[in-house]
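Quick one: this structure, given as structure tokens, is what I'll be asking you about.
The values are calculated or read from the model by the stated rules, or taken from the named source; none is laboratory data. Bear in mind that the values here come from a model prediction, so they are computed numbers and not experimental data. Here the Cβ is made from the backbone with ideal geometry for all residues, glycine too, and neighbour counts use every protein chain on show.
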Amino acid sequence: MTYALPEIDDRFLTEAPIVVPAIVELAATPEEVWEALGSDAMWSWAPIIDQLEWVTPRPQVPGAIRRLRLLKAVTIEEEFYRWDAPHRATFRVTQQSRRLFDGLAEDFLVEATPGGARLTWTMAVAPRKLPGGGAAARLVPLLAKGNAAAIGGIRKILPR
């Protein structure tokens, strides 16, 4: 069984209960960073993600679909509503196999720098409303630390 999530847009990236940016400076060209973002190897270093597949064929375009499995327990399907190569991609989660959140979107922005590229990954989440509330406040510091470490892992698949 899957659970559909409501369609969200860029407003969610600033208005969600949790918005966590993570920035990493990379010694790679913006094109190399972009190639890594769209690769099958993206997130291969993150133990939380044990499966990743692109459902739609390459090249990716707006409307591209990617499916991830988390911790061998939850499958989510992501739809990229923005794919502006080689600078910006944004997706929203459209399906989840377990009810974990009421909305989730992620935005990837690649900018050229004198030393290579800056990658800004912004995660916006509306956790599922649970009795007792307060989940958002408890999640922010955990996500901020985890996301900063996770996005830095992209170095493992970039050319040296």
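If you take the residues of the range 116-148 that are β-branched (Val, Ile, Thr) and at pLDDT 95 or above, which of them is nearest to the chain's Cα centre (by Cα)? Steps first, please.
Pass one, the range 116-148, residues β-branched (Val, Ile, Thr): 120, 122, 125, 140.
Adding the requirement that they be at pLDDT 95 or above leaves 120, 122.
Numbers: 120: 11, 122: 7 Å.
Checking each candidate, the answer is 122.
Of the residues 117, 85, 89, only one is crowded, with 19+ Cβ neighbours inside 10 Å, of a type in the set (Gly, Ala, Ser) and farther than 18 Å from residue 155 by Cα; which? Please lay out each step first, then the result.
Values: 117 fails: farther than 18 Å from residue 155 by Cα; 85 fails: crowded, with 19+ Cβ neighbours inside 10 Å.
After applying the criteria, what remains is 89.
Please find, within the range 47-78, the residue that is farthest from residue 111 (Cα to Cα) out of those that are of a type in the set (Gly, Ala, Ser) and surrounded by fewer than 16 Cβ atoms within 10 Å (Cβ to Cβ).
So the first thing to find is which residues in the range 47-78 are of a type in the set (Gly, Ala, Ser), and the list is 63-64, 73.
Now narrow it down to the ones that are surrounded by fewer than 16 Cβ atoms within 10 Å (Cβ to Cβ): 63, 73.
On the way: 63: 23, 73: 35 Å.
Looking at the filtered set, the residue picked out is 73.
Which residue is modelled with the lowest pLDDT, if the candidates are limited to the range 92-103 and must be in a strand (DSSP E or B) and in contact with a Lys or Arg (Cβ under 7 Å, 6 or more places away or on another chain)?
Within the range 92-103, the first condition is being in a strand (DSSP E or B), and the residues that meet it are 92-96, 101-103.
Checking which are in contact with a Lys or Arg (Cβ under 7 Å, 6 or more places away or on another chain) leaves us with 101-102.
Details: 101: 90, 102: 94.
By that ranking, first place goes to 101.
So which residues in the range 20-37 are buried (at least 17 other Cβ atoms within 10 Å of the Cβ), out of contact with any Pro (no Cβ under 7 Å at 6 or more places or on another chain) and not in a helix (DSSP H, G or I), if there are any at all?
Of the range 20-37, the ones buried (at least 17 other Cβ atoms within 10 Å of the Cβ) are 20, 22, 24, 26, 28, 30, 32-37.
Keeping just the survivors that are out of contact with any Pro (no Cβ under 7 Å at 6 or more places or on another chain) gives 20, 22, 24, 26, 33, 35-37.
20, 22, 24, 26 - these are the residues of the range 20-37 that are buried (at least 17 other Cβ atoms within 10 Å of the Cβ), out of contact with any Pro (no Cβ under 7 Å at 6 or more places or on another chain) and not in a helix (DSSP H, G or I).
Can you spot a residue in the range 106-115 that is among the β-branched types (Val, Ile, Thr), within 26 Å of residue 30 (Cβ to Cβ) and either at pLDDT below 95 or part of a strand (DSSP E or B) (or both)?
Step one: filter the range 106-115 for residues among the β-branched types (Val, Ile, Thr), giving 110, 113.
Those still in the list that are within 26 Å of residue 30 (Cβ to Cβ) too: 110, 113.
The next check asks that each one be either at pLDDT below 95 or part of a strand (DSSP E or B) (or both); those that pass are 110, 113.
Yes: the range 106-115 contains one or more residues that are among the β-branched types (Val, Ile, Thr), within 26 Å of residue 30 (Cβ to Cβ) and either at pLDDT below 95 or part of a strand (DSSP E or B) (or both).
Which residues, counting only those in the range 12-62, are more than 16 Å from the chain's Cα centre (by Cα) and not aliphatic (A, V, I, L, M)?
15, 17, 25, 29, 30, 31, 32, 56, 57, 58, 59
Give me the pairs: first residue in the range 65-79 and farther than 21 Å from residue 38 by Cα, second residue assigned to a strand (DSSP E or B), beta-carbon distance under 9 Å, and six or more apart or on different chains, which are they?
The qualifying pairs are 71/49; 71/50; 72/50; 72/51; 74/68; 74/96.
Being over 16 Å from residue 81 (Cβ atoms) and touching a residue at least 12 places away in the same chain (Cβ under 8 Å) narrows it down to one of 16, 4, 22, so name that one. Give the derivation first.
Details: 16 fails: over 16 Å from residue 81 (Cβ atoms); 4 fails: over 16 Å from residue 81 (Cβ atoms).
None of the other options fit; the residue is 22.
Additional query: Of 89, 105, 85, 117, which residue is among the small types (Gly, Ala, Ser) and out of contact with any strand residue (DSSP E or B) (no Cβ under 9 Å at 6 or more places or on another chain)?
Values: 89 fails: out of contact with any strand residue (DSSP E or B) (no Cβ under 9 Å at 6 or more places or on another chain); 105 fails: out of contact with any strand residue (DSSP E or B) (no Cβ under 9 Å at 6 or more places or on another chain); 117 fails: out of contact with any strand residue (DSSP E or B) (no Cβ under 9 Å at 6 or more places or on another chain).
Sole residue among the options that is among the small types (Gly, Ala, Ser) and out of contact with any strand residue (DSSP E or B) (no Cβ under 9 Å at 6 or more places or on another chain): 85.
Continuing with this model, one more query. Does residue 98 satisfy being within 22 Å of residue 156 (Cβ to Cβ), charged (D, E, K, R) and touching a residue at least 12 places away in the same chain (Cβ under 8 Å)?
Working: within 22 Å of residue 156 (Cβ to Cβ): no; charged (D, E, K, R): yes; touching a residue at least 12 places away in the same chain (Cβ under 8 Å): yes.
Against the criterion (within 22 Å of residue 156 (Cβ to Cβ), charged (D, E, K, R) and touching a residue at least 12 places away in the same chain (Cβ under 8 Å)), residue 98 does not qualify.
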